[in-house]
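The values are calculated or read from the model by the stated rules, or taken from the named source; none is laboratory data. Note that the structure is a prediction, hence the values are computed from the model and not measured. Every residue, glycine as well, gets a Cβ built from its backbone with ideal geometry; the counts of neighbours run over all protein chains shown.
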Amino acid sequence: MTEADIPACVDIMVSTSLWQRYDVSKEGATRRFQEGLARGAVIFVAEVEGEVAGFIWCEAQGAFARSGYIPLVGVSPRHRGRGIGTALMDRAEAFLATVSQDVFLLVSDFNEAAQRFYRRRGYVHVGSLPDYIVPGVTEYIYRKRLT
């Protein structure tokens, strides 16, 4: 990701119903990406015909100061169903496998499609965090062994 990719990634976030449930604003998402880039975050961007189609954010030791963590994944609604999410996950897991034995991520309890997607990729539901980010929503903790 470069600074120039931020507006497109922000647009993906604010146009996605998942993040709308979390009240993600354009300003907040912009600030998050800018701060991430400033501190050297690893964020991969997928492009289709020169247009940003999705992104994935990787933290080498973002889970328990030991394991890989994927805090954000987004695919443009216009590009869903084309394998963008799979390609982004492949890239993130390949990167994280060089620095960690496993990877963690959170999935909202209501996001059943994402839960199925991650289970197909070998992720296992290992815990739950009720009311962690927003009241009334449980975040499921998923883990995958990379080595």
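Aliphatic (A, V, I, L, M), at pLDDT 95 or above and under 22 Å from Thr2 (Cβ atoms), is that true of Leu129? Spell out the reasoning first.
On the way: aliphatic (A, V, I, L, M): yes; at pLDDT 95 or above: yes; under 22 Å from Thr2 (Cβ atoms): no.
Considered against the rule, which asks whether it is aliphatic (A, V, I, L, M), at pLDDT 95 or above and under 22 Å from Thr2 (Cβ atoms), Leu129 comes out as no.
Would you point out the residue of region 78-97, among those that are within 21 Å of Arg66 (Cα to Cα) and not acidic (Asp, Glu), that is surrounded by the fewest Cβ atoms within 10 Å (Cβ to Cβ)?
Looking only at region 78-97, we keep the residues that are within 21 Å of Arg66 (Cα to Cα), and these are 89-97.
Checking the rest, the ones that are also not acidic (Asp, Glu) come to 89, 91-92, 94-97.
Values: Met89: 21, Arg91: 16, Ala92: 21, Ala94: 11, Phe95: 17, Leu96: 25, Ala97: 15.
In this case the residue turns out to be Ala94.
Quick test for you: out of Ile70, Ile43, pick the one residue that is under 11 Å from the mean Cα position of the chain (by Cα), closer than 18 Å to Ser108 by Cβ, crowded, with 17+ Cβ neighbours inside 10 Å and at pLDDT 95 or above. Steps first, answer last, please.
Numbers: Ile43 fails: closer than 18 Å to Ser108 by Cβ.
When all the criteria are applied, what remains is Ile70.
Evaluate the following for Leu146: is it at negative phi and touching a residue at least 60 places away in the same chain (Cβ under 8 Å)?
The answer is yes for Leu146.
Would you be able to say whether some residue in region 19-32 is closer than 30 Å to Arg145 by Cβ and modelled with pLDDT of 95 or more?
The answer is yes, given that some residue of region 19-32 is closer than 30 Å to Arg145 by Cβ and modelled with pLDDT of 95 or more.
Select the strands (runs of 3 or more DSSP E) contained entirely in region 42-91, then report the ones holding at least 3 residues which are in contact with a Cys (Cβ under 9 Å, 6 or more places away or on another chain), touching a residue at least 12 places away in the same chain (Cβ under 8 Å) and within 22 Å of Asp102 (Cβ to Cβ). Walk me through it before giving the result.
Working: elements: 42-48, 51-63, 67-75.
In region 42-91, 42-48, 67-75 are the strands (runs of 3 or more DSSP E) which contain 3 or more residues that are in contact with a Cys (Cβ under 9 Å, 6 or more places away or on another chain), touching a residue at least 12 places away in the same chain (Cβ under 8 Å) and within 22 Å of Asp102 (Cβ to Cβ).
Can you pull out every residue in region 1-53 that is among the acidic types (Asp, Glu) and more than 18 Å from Tyr69 (Cβ to Cβ)?
Looking only at region 1-53, we keep the residues that are among the acidic types (Asp, Glu), and these are 3, 5, 11, 23, 27, 35, 47, 49, 51.
Passing the criteria: Glu3, Asp5, Asp11, Asp23, Glu27, Glu47, Glu49, Glu51.
Given the conditions (1) surrounded by fewer than 16 Cβ atoms within 10 Å (Cβ to Cβ); (2) farther than 17 Å from Phe95 by Cα; (3) in contact with a Gly (Cβ under 9 Å, 6 or more places away or on another chain), and given that Thr16 satisfies all but one, which numbered condition is not satisfied?
Tallying (1) surrounded by fewer than 16 Cβ atoms within 10 Å (Cβ to Cβ); (2) farther than 17 Å from Phe95 by Cα; (3) in contact with a Gly (Cβ under 9 Å, 6 or more places away or on another chain), Thr16 fails exactly one: (1).
Taking region 13-41, which residues are polar (S, T, N, Q), without any contact (Cβ under 8 Å) to a residue 60 or more places away in the chain and not in a helix (DSSP H, G or I)? Break it down into steps so the answer makes sense when it comes.
The first filter runs over region 13-41 and keeps only residues polar (S, T, N, Q), leaving 15-17, 20, 25, 30, 34.
With the extra rule that they be without any contact (Cβ under 8 Å) to a residue 60 or more places away in the chain, the set shrinks to 17, 20, 25, 30, 34.
Residue satisfying the conditions is Ser25 alone.
Of the residues in region 11-28, how many are aliphatic (A, V, I, L, M) and in contact with an Asp or Glu (Cβ under 9 Å, 6 or more places away or on another chain)?
Step one: filter region 11-28 for residues aliphatic (A, V, I, L, M), giving 12-14, 18, 24.
Now narrow it down to the ones that are in contact with an Asp or Glu (Cβ under 9 Å, 6 or more places away or on another chain): none.
Going through region 11-28 one residue at a time, the tally reaches 0.
Among the residues of region 76-92, are any closer than 16 Å to Gly127 by Cβ and of a type in the set (Val, Ile, Thr)?
Keep residues of region 76-92 that are closer than 16 Å to Gly127 by Cβ, which gives none.
No, because not a single residue in region 76-92 is closer than 16 Å to Gly127 by Cβ and of a type in the set (Val, Ile, Thr).
Here is a yes/no grid of residues against (1) modelled with pLDDT of 95 or more; (2) within 19 Å of Ala8 (Cα to Cα); (3) of a type in the set (Phe, Trp, Tyr):
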residue: Gly81; (1), (2), (3): no, yes, no
residue: Ala87; (1), (2), (3): yes, yes, no
residue: Arg119; (1), (2), (3): yes, no, no
residue: Ile141; (1), (2), (3): yes, no, no
